1. Please work out how much length the chain gains when fully extended from Lys220 to Glu179, using 0.36 nm per residue of separation minus the C-alpha to C-alpha distance, in nm with one decimal.
2. Mind ranking Arg107, Arg95, Arg214 by accessible surface for me, highest first, 1.4 Å probe?
3. Leaving out same-chain residues fewer than 8 places away, which lysines sit with a Cα under 16 Å from that of Lys220?
4. Run the 1.4 Å probe and let me know the accessible area of Asp67, rounded to the nearest 10 Å².
5. Given a 1.4 Å probe and every protein chain left where it sits, what share in percent of the accessible area of the range 82-131 is carbon and sulfur?
6. Could you tell me which GluC sites (Glu not before Pro) in the range 168-220 are loop residues by DSSP with no more than 14 other beta carbons within 10 angstrom of their beta carbon?
7. Can you sort Lys98, Lys125 by solvent-accessible area, 1.4 Å probe, largest first?
8. Could you give the length gained by full extension between Asn114 and Glu47, i.e. 0.36 nm per residue of separation minus their alpha carbon distance, to one decimal place?
Amino acid sequence: MRHTRLFMLACCLMMAAAAMAQDRYCLSYSDYKNNVWHPLDTLIVEEHSQSRKLWWGGNDFKFTTGDSNLDKTLKKEAFVISHGDSLYVNCRNLRFEKTRFGSGYTRAFVFKDNQLAFANTRIGKKAMRKRGLTAGMFGAIGAAISESNVMKHPVGYVITDDAESLDKGRVAIHMLNDEYMQTLLEGSELLDEYLSVKKTKERESAENTFDILRRMGWMK
């Protein structure tokens, strides 16, 4: 009897592991929060090279299935994909200060209460004005150099329960900049450590903000 119970327990664990490893996707942030997933029988992953990323806005991954209709859903409508033990968020409909990243998926991490964090290029009104100014002064070559420099210094973003939902399925997100980090870390000893990094580019870098959030126990 004991061996039978152990066998049944092992089967249950294997079935649970298989379910967790099932490739799947959600159509919205609300579906993700409510654990509403759609299974994917086949998933082909394409990771873009660094040069390719210049044309994809810094988004690292493309997913296809071999089914044209489903591929269109993953490209334009899906919000997040679960592949293996990793999550990937679709950047197509994410907005910060009404600016966008472009097409493609990027790796996402669980942040505080099953919310999401990810790293990508710096966008927003100030960043876009700076890129436009560089392009205007130095043309296509200057714009390419500016874009390349931006991609070398990704910043962190979070998709949270209080993020504003926009029209046409778009979602407003938060950048982990000084203002937002100070709000998150208020009252924590790590706030002083965060502010001790003198250069803004280094202080607001995804490498630094993610390290702080992991040490707070808020990212995994």
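The values are calculated or read from the model by the stated rules, or taken from the named source; none is laboratory data. Owing to the predicted nature of the structure, the values given are computational and were not obtained by experimental measurement. Ideal geometry is used to build each Cβ from the backbone, glycine not excepted, and the neighbour counts take in all protein chains shown. We work out accessible area using only protein heavy atoms, side chains counted, and drop any ligands, DNA or RNA first. Shrake-Rupley method; radii C 1.70, N 1.55, O 1.52, S 1.80 Å.
1. Separation in residues times 0.36 nm, less the Cα-Cα distance, equals 12.5 nm.
2. On the way: Arg107 85, Arg95 25, Arg214 110 Å².
Listed by decreasing accessible area, they come as Arg214, Arg107, Arg95.
3. Leaving aside lysines fewer than 8 places away in the same chain, those within reach of Lys220 are Lys112.
4. Using a 1.4 Å probe on the heavy atoms, I get roughly 70 Å².
5. On the way: 1060 of 2230 Å².
Of the solvent-accessible surface of the range 82-131, carbon and sulfur hold 48 percent.
6. Glu186
7. On the way: Lys98 180, Lys125 110 Å².
In descending accessible area the options line up as Lys98, Lys125.
8. Numbers: separation 67, 0.36 × 67 = 24.12 nm, distance 2.54 nm.
Stretched out fully, the Asn114 to Glu47 stretch lengthens by 21.6 nm.
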